[in-house]
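Asker: Structure incoming, see below.
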Amino acid sequence: MKNSGGKPRAGAVRKSKKGAQVGTGGHGRKALEGRGPTPKAEDRDYHPAGKAKALRERAAAKAAQRGGRDAAPRGASGASRRAKSGDESEIVTGRNSVLEALRADIPATTLYVAARAELDDRMREILSIATGRGIPMLEVMRPELDRLAGRDAVHQGVAIKVPPYEYAHPGELLDRTLRKGDTPLFVALDGITDPRNLGAIIRSTAAFGGQGVIVPQRRSVGMTASAWKTSAGAAARTPVAMAANLTQMLKDFKKAGVFVLGLDGGGDTSLPGLSFADRPLVIVVGSEGKGLSRLVTETCDAVVSIPITATTESLNAGIAASVTLYEISKLRAEGRTRA
């Protein structure tokens with residue numbers, strides 16, 4: 001049926017010559033369905049999130065061309081921190097920290113430099129040292145370096161990755177020393193948690209003829225980037241061993257003929273003129289606050305104190321170890337001269 005204008009009414013269906021009905025072919029229904037779900041912000045080129053994603057992808061592609069696979073590391077926090085979960089590597093950030101670490105011969109595996117970073121004297125020296133040591137260098141965009149360094153760290157356009165430290169075994173250190181015919185001199189740490197103390201003790205051990213430093217596996221500092229820096233390169237030539245149980249390790253050393261010497265302000269033996277300085281020794285240094293633990297104290301053959309003035313309550317653990325090592329080194333030298 002037609003309207004007065006001779007045209008089909010709205011919504012009416014026309015008939016073909018053969019009588020078949022002709023519809024829209026579903027075009028109307030598709031139009032009503034719209035364009036589908038809205039794309040994510042990072043998938044839209046014009047959106048800031050999309051631009052950031054494109055920037056990351058370009059940086060990653062550029063790094064891949066340079067042969068690096070670390071150009072887009074995951075988030076981090078702190079100037080010296082773990083690289084990622086399950087990875088014992090640490091990240092050192094900031095021009096002063098990175099330069100000091102490289103000067104101290106920390107075995108860095110990667111140097112990250114922000115694109116178009118300002119080249120001052122520190123940065124030039126960083127690049128020179130890294131080039132001389134063959135450290136891989138990756139140029140990354142600042143957003144990537146921000147993510148690598150962490151929210152609170154100030155990277156100043158540069159960072160390095162420090163690999164996990166490979167600890168020696170205490171027994172191997174002792175065996176190696178005895179095979180060389182040297183008189184053992186080790187320093188063991190009991191409850192030391194400050195990496196700067198560990199670094200200072202490593203440095204003093206190397207300076208005064210010690211063969212190694214021993215740290216317990218639990219409740220103690222390990223070889224961090226900060227310890228590497230404080231050792232001023234000594235950690236590269238003085239091994240650090242890790243003991244699963246410090247007390248048991250000390251007992252094993254005693255069975256091998258090593259004299260266990262504990263340091264404590266209340267010790268009954270005075271350091272100057274120590275009568276057994278020429279013996280094989282392991283010096284045990286306790287924390288500045290708590291001192292030696294009970295079990296370790298009971299294991300010691302002697303507990304030695306360093307005479308200090310009454311106005312000074314105690315010595316820093318690193319300083320106490322250094323003074324003791326110097327005195328033992330001096331007494332051993334005097335004994336060799338008399339012999």
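The values are calculated or read from the model by the stated rules, or taken from the named source; none is laboratory data. Note that this is a predicted model, so its numbers are computed, not measured. When we count neighbours, we look across all protein chains shown, and the Cβ atoms used for this are built from the backbone with ideal geometry, even at glycine. Keep in mind that these areas ignore ligands, DNA and RNA; they rest on the heavy atoms of the full protein, side chains included. Shrake-Rupley method; radii C 1.70, N 1.55, O 1.52, S 1.80 Å.
Asker: Is at least one residue of region 295-307 open to solvent by 70 Å² or more (accessible area, probe 1.4 Å) and within 31 Å of the chain's Cα centre (by Cα)?
Answerer: Looking for residues that are open to solvent by 70 Å² or more (accessible area, probe 1.4 Å) and within 31 Å of the chain's Cα centre (by Cα), one finds at least one in region 295-307, hence yes.
Asker: Further question: Given the conditions (1) part of a helix (DSSP H, G or I); (2) touching a Gly at 6+ places or on another chain (Cβ under 7 Å); (3) of a type in the set (G, A, S), report the number of the one that S220 does not fulfil.
Answerer: (1)
Asker: Looking at region 272-293, which of its residues are under 31 Å from the mean Cα position of the chain (by Cα) and either over 13 Å from F253 (Cα atoms) or of a type outside the set (A, V, I, L, M) (or both)?
Answerer: V285, G286, S287, E288, G289, K290, G291, L292, S293
Asker: Answer yes or no as to whether T205 is within 23 Å of C300 (Cα to Cα), open to solvent by less than 40 Å² (accessible area, probe 1.4 Å) and either in contact (Cβ under 8 Å) with a residue 12 or more places away in the chain or in contact with a Phe, Trp or Tyr (Cβ under 7 Å, 6 or more places away or on another chain) (or both). Step through it out loud before you land on a result.
Answerer: Values: within 23 Å of C300 (Cα to Cα): yes; open to solvent by less than 40 Å² (accessible area, probe 1.4 Å): yes; either in contact (Cβ under 8 Å) with a residue 12 or more places away in the chain or in contact with a Phe, Trp or Tyr (Cβ under 7 Å, 6 or more places away or on another chain) (or both): yes.
Considered against the rule, which asks whether it is within 23 Å of C300 (Cα to Cα), open to solvent by less than 40 Å² (accessible area, probe 1.4 Å) and either in contact (Cβ under 8 Å) with a residue 12 or more places away in the chain or in contact with a Phe, Trp or Tyr (Cβ under 7 Å, 6 or more places away or on another chain) (or both), T205 comes out as yes.
Asker: Oh, and also: (1) over 30 Å from L295 (Cβ atoms); (2) open to solvent by 50 Å² or more (accessible area, probe 1.4 Å); (3) at pLDDT below 85: which one isn't true of L148, the others all being true?
Answerer: Going through (1) over 30 Å from L295 (Cβ atoms); (2) open to solvent by 50 Å² or more (accessible area, probe 1.4 Å); (3) at pLDDT below 85 one by one, L148 breaks only (2).
Asker: Exactly one of these conditions fails for A321: (1) assigned to a loop (DSSP other than H, G, I, E, B); (2) of a type in the set (G, A, S); (3) at pLDDT 90 or above. Give me its number.
Answerer: (1)
Asker: Considering each of A153, A117, A79, A108 in turn, give the residue that is open to solvent by 10 Å² or more (accessible area, probe 1.4 Å), more than 24 Å from A232 (Cβ to Cβ) and modelled with pLDDT under 90. Walk me through how you get there before you give the answer.
Answerer: Numbers: A153 fails: more than 24 Å from A232 (Cβ to Cβ); A79 fails: more than 24 Å from A232 (Cβ to Cβ); A108 fails: more than 24 Å from A232 (Cβ to Cβ).
The conditions single out A117.
Asker: Determine which member of the set S270, S275 is free of Cβ contacts under 8 Å to residues at least 24 places away in the same chain, surrounded by fewer than 14 Cβ atoms within 10 Å (Cβ to Cβ) and over 24 Å from D175 (Cα atoms).
Answerer: Values: S270 fails: free of Cβ contacts under 8 Å to residues at least 24 places away in the same chain.
Going through S270, S275 in turn, the sole match is S275.
Asker: Would you point out the residue of region 208-229, among those that are open to solvent by 10 Å² or more (accessible area, probe 1.4 Å), without any contact (Cβ under 8 Å) to a residue 60 or more places away in the chain and small (G, A, S), that is farthest from V162 (Cα to Cα)?
Answerer: The extreme case among them is S220.
Asker: Being open to solvent by 60 Å² or more (accessible area, probe 1.4 Å) and among the basic types (K, R) is the filter here; which residues of region 308-339 pass it?
Answerer: K330, R336, R338
Asker: So the check is Cβ under 7 Å with 6+ separation or different chains; which pairs have a first residue in region 230-255 that's over 18 Å from V162 (Cα atoms) and assigned to a loop (DSSP other than H, G, I, E, B) and a second one that's modelled with pLDDT under 95 and open to solvent by 70 Å² or more (accessible area, probe 1.4 Å)?
Answerer: Note: pairs meeting the criteria are A244/Q217.
Asker: Could you tell me how many of the residues in region 305-339 are within 14 Å of F186 (Cα to Cα) and of a type in the set (S, T, Y)?
Answerer: Selection size over region 305-339: 4.
Asker: Sticking with this structure for a sec: Tell me yes or no: at least one residue of region 262-271 is among the hydrophobic types (A, V, I, L, M, F, W, C), under 34 Å from the mean Cα position of the chain (by Cα), closer than 21 Å to V215 by Cβ and at pLDDT below 95.
Answerer: Let us first name the residues in region 262-271 that are among the hydrophobic types (A, V, I, L, M, F, W, C), namely 263, 271.
Then keep just the ones that are under 34 Å from the mean Cα position of the chain (by Cα); that gives 263.
From what is left, the residues that are closer than 21 Å to V215 by Cβ are 263.
Cutting the leftovers down to at pLDDT below 95 gives us 263.
Taking every residue of region 262-271 in turn, at least one turns out to be among the hydrophobic types (A, V, I, L, M, F, W, C), under 34 Å from the mean Cα position of the chain (by Cα), closer than 21 Å to V215 by Cβ and at pLDDT below 95.
Asker: Further question: Tell me, which residue of region 165-183 that is touching a residue at least 60 places away in the same chain (Cβ under 8 Å) and either within 9 Å of G212 (Cβ to Cβ) or basic (K, R) (or both) is surrounded by the fewest Cβ atoms within 10 Å (Cβ to Cβ)?
Answerer: A168
Asker: Among the residues of region 284-294, what is the count of those that are more than 22 Å from T205 (Cβ to Cβ) and open to solvent by less than 20 Å² (accessible area, probe 1.4 Å)?
Answerer: Selection size over region 284-294: 0.
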